[in-house]
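Everything on this sheet refers to the single structure shown next.
The values are calculated or read from the model by the stated rules, or taken from the named source; none is laboratory data. Just so it is clear, the model here is predicted, and its values are computed rather than measured. Backbone-built Cβ (ideal geometry, glycine too); neighbour counts: all protein chains shown. These area figures cover heavy atoms from the full protein model, side chains too; ligands, DNA and RNA do not enter into them. Shrake-Rupley method; radii C 1.70, N 1.55, O 1.52, S 1.80 Å.
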Amino acid sequence: MTRRLFTAAMLAAGLLATAGHAMADPIKLRFADSTTADAPRSKALVDIFAKQLGDGFVFEPYFGSTLYKQGTEIVAVQRGNLEMALMPPSDFAKQVPAFSILTAAYLVRDAAHMKAIFESEVGDEFKAMARDTMGVVILAPAYYGTRHVNLRGDKKINVPEDLAGIKLRMPGGESWQFLGESIGANPTAMDYAEVYTGLQTGAIDAQDNPLPNNRLMKFHEVTDQVVLTGHNVGFGILLVSAKLFDSLTPEQQQAMQEAADAAFEWSNAEYIKEEAELIDYFKGEGLDVYTPDVEAFRAFSNKKYLDSELSKEWPEGMLEKINAL
């Protein structure tokens, strides 16, 4: 009887040790992004998102495309080689063409409109498409700033026709390339990390990024002017593997959602603040900063999109719903 009790006690102790070890193993969240570690959205993920998640998770960020080449991150998540990524709508559109509507010039008006879209029934539709077709869960959108044209030389740009023949760097992919075409330029695909050298050597004439990105990447050192076209609200979508998300407890899922919301509430405000300050900064650096005929750009772009094959992929009534928000 004593031997039996001893054996049972030892077995119970072993099970407790195994359970304790399992409870001690945190959930690894490998994350990849093409931007730098000092960007507000990167700081928000490291300093707010990761810390708010707590000890049950280990957040492993890889910035500057150090782990995966820009544009390949979603596939890495789908294959189980990453758990999380922050990707623009154009990358979602490669697998679900309906997302291309979110890349259209002059559609998303500002950060508040972006947030309203994802908190509405429209946002629910996109979240369902991402989960059902791609196997990823959308947590939250992250505002990067409004995109403007930043170029070499002193040619004044007032209307889209003035950009004819201008080699404008755009990321690869149909949605990005069409965005450049929709404002009158000649889009040229180039990785983000190569843009500075491309501008410096004249391989490209211009690039379009939000003002905070321009300063982070020092594009102002190799360009002469910023044309405030405001043609596209730049934002990314924080995604996590649906398989991983579904394995979490409801409490962990809620914690992850709340941490994402808190992180981007801070970083969105930081980007808006920086944008307001950077016009004077770039002027002080010797760049010519001015506003073109934005309505001419808007009309030119709207016609381009509505006449394009891309718009045929947009869900019926989606454009009107987004405009009404």
*Counting only residues that are open to solvent by 10 Å² or more (accessible area, probe 1.4 Å) and either under 9 Å from PHE63 (Cα atoms) or not charged (D, E, K, R) (or both), which one in region 24-39 is modelled with the lowest pLDDT?*
ALA24
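Restricting to region 214-242, name every residue that is of a type in the set (D, E, K, R) and not in a helix (DSSP H, G or I).
So the first thing to find is which residues in region 214-242 are of a type in the set (D, E, K, R), and the list is 215, 218, 221, 224.
Correct list: LYS218, ASP224.
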*asked:* If I go through region 40-60 residue by residue, how many of them are part of a helix (DSSP H, G or I), among the charged types (D, E, K, R) and open to solvent by 40 Å² or more (accessible area, probe 1.4 Å)?
replied: 3
*Residues of region 172-181 satisfying the condition of being under 15 Å from ASN150 (Cα atoms) and open to solvent by 10 Å² or more (accessible area, probe 1.4 Å)*: none
*Looking at this structure, is ALA193 assigned to a helix (DSSP H, G or I), in contact (Cβ under 8 Å) with a residue 60 or more places away in the chain and open to solvent by 60 Å² or more (accessible area, probe 1.4 Å)?*
yes
*Looking at region 151-163, is at least one residue more than 21 Å from VAL108 (Cβ to Cβ), open to solvent by 40 Å² or more (accessible area, probe 1.4 Å) and assigned to a strand (DSSP E or B)?*
no
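Just one of LYS304, LYS283 is surrounded by fewer than 19 Cβ atoms within 10 Å (Cβ to Cβ), at pLDDT 95 or above and over 30 Å from PHE31 (Cα atoms); which is it?
Working: LYS304 fails: surrounded by fewer than 19 Cβ atoms within 10 Å (Cβ to Cβ).
Unique residue meeting the criteria: LYS283.
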*Failed criterion for PRO292 (all others in (1) in contact with a Leu (Cβ under 8 Å, 6 or more places away or on another chain); (2) in a loop (DSSP other than H, G, I, E, B); (3) open to solvent by 30 Å² or more (accessible area, probe 1.4 Å) hold)*: (3)
*Give the residue that is nearest to TYR143 (Cα to Cα), with candidates limited to residues of region 73-88 that are modelled with pLDDT of 95 or more and open to solvent by 10 Å² or more (accessible area, probe 1.4 Å).*
GLU83
_Tally of residues being more than 12 Å from the chain's Cα centre (by Cα) and more than 19 Å from GLN253 (Cα to Cα) across region 135-147_ = 2
